[in-house]
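Here the structure is laid out as structure tokens; the discussion comes afterwards.
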Amino acid sequence: MPMDTRTFEDAVTALNGIIRGKTGPAGPDKRETWKAQHELMFRHLQLLELEEPVSRLSIIHVAGTKGKGSTCAFTESILRTSGLQTGLFTSPHLENIRERFRFNGVPVSEEIFCQHFWWCWDRLQACAKKGVPMPRFFRFLTLMALRMFSAENVDVVILEVGLGGRYDATNVVKAPAVCGITSLGFDHTDVLGHTLSEIASAKAGILKAGVPAFSAPQPIEAMETLQKEAEMLKTQLEVAPPLETYNRGNLRLGLEGDHQRINAALAIALCRCWSQRSGLKQHWSLEEKELSKGILPETYMRGLADAQWPGRAQIVYDKLPGGEKEMISRTLFTNGSKPQNVGRLTFYLDGAHTPESTEACAKWFCLAVKREQSHETVNARSFLPDQSFSKVSQIRITGYSYNLRQLSEHGRKWTSPTRVLLFNCMPKRHPQCLIPPILSTCSQKGCPIQFAIFVPPYSSCTCITSHSTSDVAATAAQTDVSWQHFLQESWEAMYQQELRDHKAAETARELLLGLRDDLECMNGFQYQSTRIGSSSAVIHSLPIALNWLRHRAIRDPWLNLQVLVTGSLYLVGDLLKLLKH
């Protein structure tokens, strides 16, 4: 048989070709289309001869509105720390399609990806020629994940639902070991329904007769529906005990934010139940003995502490270009000689996209910036740990001379950061619901957002998108930003109502005043369609917005920009890609 010369890039091109089929009609027609596609999944599973291999997989199936990915990340980390071979399937990806498929916490290699991609693709293409439609994007990836995990012989698979539950592609699994439902809220209402009861019913579609299930604490309406669905199936649904049950209310988690404690508690319940049903009693005897006494095993604690989930409560310190000037703007010397990054341009990334999650995101952001400020309060004495401040009038750092009085004055500015919101969300979401929790929470906690930048999608949901620097300027002026204009108008109205800090408004005016001139200077021409408000701006391209933020930080090395990036996981993923180049 000749060697397959098709590459990973070829696979990505093929996948991008079926992304176009994701969208469909709205309302009831969309739900019927979704249901029909789900029924076709069983046919695809049969054609790929995966029914029996999938039935042998030991699967933890997780649905919910908020925290699905984080709960899966905690669960996978605990089981991997316990010595098991894990497979994890999640969505969406942030930077690379391979992130959706993880073995032992690591994204699958291009080689393994290609092997299973083309195995599925060729067979399904052959069936398409005989009249069986190709599965759409996410359904194809789900089939590929099931094939991948079956072939690689993992001990346990953690499967995150893509959308809903009952008609989701992942719900071709007939007998999972245990099911989990994370916090529920309003999202994808065009498909799932417009009440919490309807949404809960859709999520409960992953429950199976005789399969134990656990839920995070839910609103009364949602919990009643979940319990009714469980009773109809004669299956047991329990609320996961909180961390305090194990006397671990202050347990350090790898993912920050109070809301992550709910996700961690659900992960513990899922892991414990899976271990009881796995048949590996000897392997889990010690952990079960401790858990039965209300003690959290060491492997669980390490798994929770080591869990990582990019794009959720993630902090990135930007490496500003500028050689030695960069060293001055980003590095201080404390305790004699040890360099410490202080981040003149710092990004706080969280893909929150529901009202509840943007509020949780804002709480985390305030906690994070306050913690940094307490650790990194800067004054001129930081530069002179071993010298008498009163006897020295000037110091020299990496080739630049500074007067101590100037350093002392600038040090005061460093402790007053400028906070920026970099935001986008999908048009089906309501900014009137997403933005107020951010504004009010940050204001109430003493960390007001001073201005906002709205940008259109960059690479959207494509698998990998390459954009050359020259392409960015050429296409920016042609981009439709009517939705971003609406976001800006909503922001300006809410900002004026929420504004409490007039110094914040003054800072916003200073920065936004020079924005248009800055863009002209940076790019050689003026973007006539860049729209600037009293506390916000619409910029036609994410790369241009990033370049402007860097431009400001480099021009004023004492400017401490703290940028909260939220509203969309796609926005977070696109920025992460740009920051790496």
Residue list for region 532-558, filter: part of a helix (DSSP H, G or I) and open to solvent by 20 Å² or more (accessible area, probe 1.4 Å): Asn547, Arg550, His551, Arg552, Ile554, Arg555
Residue within region 239-246 that is open to solvent by 20 Å² or more (accessible area, probe 1.4 Å), in a loop (DSSP other than H, G, I, E, B) and within 28 Å of Cys361 (Cβ to Cβ) present: yes
Output for region 58-89, where each listed residue is within 18 Å of Ala177 (Cα to Cα) and either among the acidic types (Asp, Glu) or in a loop (DSSP other than H, G, I, E, B) (or both): Ser58, Gly64, Glu76, Ser82, Leu84, Gln85
Residue within region 271-279 that is open to solvent by less than 70 Å² (accessible area, probe 1.4 Å), among the charged types (D, E, K, R) and within 27 Å of Lys35 (Cβ to Cβ) present: no
Odd one out for Ser82, checked against (1) touching a residue at least 40 places away in the same chain (Cβ under 8 Å); (2) open to solvent by 30 Å² or more (accessible area, probe 1.4 Å); (3) more than 17 Å from Leu15 (Cα to Cα): (2)
Trp121, sole failed condition from (1) in contact with a helix residue (DSSP H, G or I) (Cβ under 6 Å, 6 or more places away or on another chain); (2) touching a residue at least 60 places away in the same chain (Cβ under 8 Å): (1)
Candidate set: region 467-492, residues that are over 16 Å from Asp574 (Cβ atoms) and at pLDDT below 90; chosen: the one nearest to the chain's Cα centre (by Cα): Asp480
Filter result (at negative phi and either in a loop (DSSP other than H, G, I, E, B) or surrounded by fewer than 17 Cβ atoms within 10 Å (Cβ to Cβ) (or both)) within region 247-260: Arg248, Gly249, Asn250, Leu251, Arg252, Leu253, Gly254, Leu255, Glu256, Asp258
Residues (touching a Phe, Trp or Tyr at 6+ places or on another chain (Cβ under 8 Å), open to solvent by 10 Å² or more (accessible area, probe 1.4 Å) and not basic (Lys, Arg)) located in region 136-152: Glu152
Hits in region 153-206 (condition: on the phi > 0 side of the Ramachandran plot and surrounded by fewer than 24 Cβ atoms within 10 Å (Cβ to Cβ)): Asn153, His188, Gly193
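Report, by residue number, each residue of region 559-580 that is of a type outside the set (A, V, I, L, M) and open to solvent by less than 20 Å² (accessible area, probe 1.4 Å).
Asn560, Gln562, Thr566, Gly567, Ser568, Gly573, Asp574 - these are the residues of region 559-580 that are of a type outside the set (A, V, I, L, M) and open to solvent by less than 20 Å² (accessible area, probe 1.4 Å).
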The listed residue being at pLDDT below 90, of a type in the set (Lys, Arg) and under 24 Å from Leu564 (Cα atoms), out of Lys319, Lys325: Lys319
Members of region 208-236 that are open to solvent by less than 20 Å² (accessible area, probe 1.4 Å) and assigned to a strand (DSSP E or B): Ala213, Ser215
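The values are calculated or read from the model by the stated rules, or taken from the named source; none is laboratory data. Keep in mind the model is a prediction, meaning the values are calculated, not measured. A quick note on method: Cβ atoms are made from the backbone with ideal geometry, for glycine too, and the neighbour counts reach across all protein chains shown. Each accessible area value is taken on the protein alone, full model and side chains, heavy atoms only, with ligands, DNA and RNA left out. Shrake-Rupley method; radii C 1.70, N 1.55, O 1.52, S 1.80 Å.
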